[in-house]
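Here the structure comes first, spelled out in structure tokens, and everything after it is commentary.
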Amino acid sequence: MTTDELDSYLLQLACVAQQHPPHSQERQIALTKLIQSIVRFGNLWYPSKNQFFSNVQDIYNEARQELFLYICQNIDKYDPERGTVLVWVNVLLERRFFKDTLRKNLTHGSVTKMTLTDLDNLALPEESKDLTEIVKECIESDPEDIFKNEYIEKCPQATFQALAMRRFSGKSWKEISAEFEMKVPTVSSFYYRCIKKFSHSLKEYCENQVD
């Protein structure tokens, strides 16, 4: 099924559902087919593989279920003139339900802290402001002046902030260690210790920024 065919089919199902009253059998059948088609054929938004919470899959699955429930209860809010069904669905998933679920998990303390590997592999910022961008923003702005004041002994220039920003820009450990004229293990081990040390501050910052 091509993209145009899928868009047309989903639009047809959405319109059929809107044409029948809530709780009617016709509406429920159309909604069931709509959700099944979105899951099977739709290109649903998915958080970056470099999102830094180890249980991001659980958060995503919960957000997706909340989204599908919303669609079934609020299909009448879909306006074809504002975009395709998938555009509507993906905007809701990314900008509302994933963030709401993430915030809920953060509030209840059920999000595990970022792992060293996860944070080390953070991707470059994408067009939309995601959690990766928020972490980068936190380290770069350094609101508490803690990242720029944590540095490798006898090398004040090699701060955690400086190392992190270079990692965000895509530089390898070999490139970074050469720049500071240090061995790779010295630079990387310091970086990892800082991630562990500041994980609470980074998590707190993210919690305040997700809305």
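The values are calculated or read from the model by the stated rules, or taken from the named source; none is laboratory data. Everything numeric here is computed off the predicted structure, so don't read it as measured data. Methodologically, a virtual Cβ is constructed for each residue, glycine included, from the backbone with ideal geometry; neighbour enumeration extends over all protein chains shown. Surface accessibility is based on the protein's heavy atoms, side chains included, excluding ligands, DNA and RNA. Shrake-Rupley method; radii C 1.70, N 1.55, O 1.52, S 1.80 Å.
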| message | Just the residues that are among the polar types (S, T, N, Q) and over 23 Å from Tyr205 (Cβ atoms), please, taken from the stretch 144-170. | response | Gln157
| Going by the conditions given, is Leu202 modelled with pLDDT under 80 and assigned to a helix (DSSP H, G or I)? | yes
| If you scan the stretch 63-78, which residues turn out to be open to solvent by less than 60 Å² (accessible area, probe 1.4 Å) and farther than 15 Å from Ile35 by Cα? | none
| remark: In the stretch 1-56, residues that are at pLDDT 90 or above, of a type in the set (S, T, N, Q) and either under 26 Å from the mean Cα position of the chain (by Cα) or at positive phi (or both) total 2
| task | State which residue pairs qualify: first residue more than 17 Å from Ile134 (Cα to Cα) and open to solvent by 20 Å² or more (accessible area, probe 1.4 Å) and inside the stretch 146-168, second residue assigned to a helix (DSSP H, G or I) and of a type in the set (D, E, K, R) in any location, beta carbons under 8 Å apart, and separation of 6 or more residues or different chains. | result | Glu150/Lys197
| query | Taking the stretch 169-197, which residues are surrounded by 15 or more Cβ atoms within 10 Å (Cβ to Cβ), part of a helix (DSSP H, G or I) and either in contact with a helix residue (DSSP H, G or I) (Cβ under 7 Å, 6 or more places away or on another chain) or at pLDDT below 85 (or both)? | reply | Trp173, Ile176, Ser177, Val187, Ser188, Tyr191, Cys194, Ile195
| task | State the number of residues belonging to the stretch 23-48 that are surrounded by 12 or more Cβ atoms within 10 Å (Cβ to Cβ) and not in a helix (DSSP H, G or I). | result | 7
| query | Can you spot a residue in the stretch 121-140 that is surrounded by fewer than 12 Cβ atoms within 10 Å (Cβ to Cβ) and modelled with pLDDT of 90 or more? | reply | no
